[in-house]
């Protein structure tokens, strides 16, 4: 029954108008590194410096995301997962939120015309390429884990050049539209710096 419901949701899901990562042959060492990154199942620990920082960031981001995801419990779980996976991959969590806004509009079951899936619009070929064909890209944490790992991989390839890394992520390398959209969403919708008084309060924790 659960499988039937999931299948109906996927069929009824809005199509995401995003691009798609291009299949590229990876060296054995690169495959091993990426496989380890997506397979790491160690228990998640908080990615926040303190409970105060967590409450501050989650409260602010939750307020901004409320119209798109009305269910507060799920919204907070999503934001905690974004912060954890982004931080784990060495990415700005707010950049990842901007990417998700552009890629899927925060629709869990979004599917692009190219077949990219989920919040971060991950192409299914990554499952086989990284030796994990049983993973579901519609699972919240799995999708975020793959998406953040892939973006980190592209940033490493491009030696930290975010413009080119975003182009690779979207399959539009060299074209300005997609990187500009993600940057705009990141800065205008999700950009955030904690007030100094709140940041100082972490030291007392």
Would you mention how many residues in segment 42-63 are more than 17 Å from residue 141 (Cα to Cα), surrounded by fewer than 16 Cβ atoms within 10 Å (Cβ to Cβ), in contact with a helix residue (DSSP H, G or I) (Cβ under 7 Å, 6 or more places away or on another chain) and in contact (Cβ under 8 Å) with a residue 40 or more places away in the chain? 2
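Would you point out which residue out of 98, 105 is in contact with a strand residue (DSSP E or B) (Cβ under 8 Å, 6 or more places away or on another chain), within 28 Å of residue 60 (Cα to Cα) and at pLDDT 95 or above?
Of 98, 105, the one residue that is in contact with a strand residue (DSSP E or B) (Cβ under 8 Å, 6 or more places away or on another chain), within 28 Å of residue 60 (Cα to Cα) and at pLDDT 95 or above is 105.
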Is there a residue in segment 78-92 that is at positive phi and either in contact with a strand residue (DSSP E or B) (Cβ under 9 Å, 6 or more places away or on another chain) or surrounded by fewer than 16 Cβ atoms within 10 Å (Cβ to Cβ) (or both)? yes
I'm trying to understand the selection: among the residues of segment 181-195, which are part of a helix (DSSP H, G or I) and in contact with a helix residue (DSSP H, G or I) (Cβ under 7 Å, 6 or more places away or on another chain)? 181, 182, 185, 186, 189
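Only helices (runs of 4 or more DSSP H) wholly contained in segment 84-179 count here; list those with 1 or more residues that are touching a helix residue (DSSP H, G or I) at 6+ places or on another chain (Cβ under 8 Å) and more than 24 Å from residue 39 (Cα to Cα). Spell out how you get there, then give the answer.
On the way: elements: 93-104, 125-129, 140-157, 162-170.
Once the helices (runs of 4 or more DSSP H) in segment 84-179 are filtered for at least 1 residues that are touching a helix residue (DSSP H, G or I) at 6+ places or on another chain (Cβ under 8 Å) and more than 24 Å from residue 39 (Cα to Cα), what remains is 93-104, 162-170.
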Within segment 163-199, can you find the residues that are within 16 Å of the chain's Cα centre (by Cα) and free of Cβ contacts under 8 Å to residues at least 60 places away in the same chain? 165, 167, 179
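The values are calculated or read from the model by the stated rules, or taken from the named source; none is laboratory data. These numbers come from a predicted model, not from an experiment. No Cβ is skipped: glycine too gets one built from the backbone with ideal geometry, and neighbour counts run over all protein chains shown.
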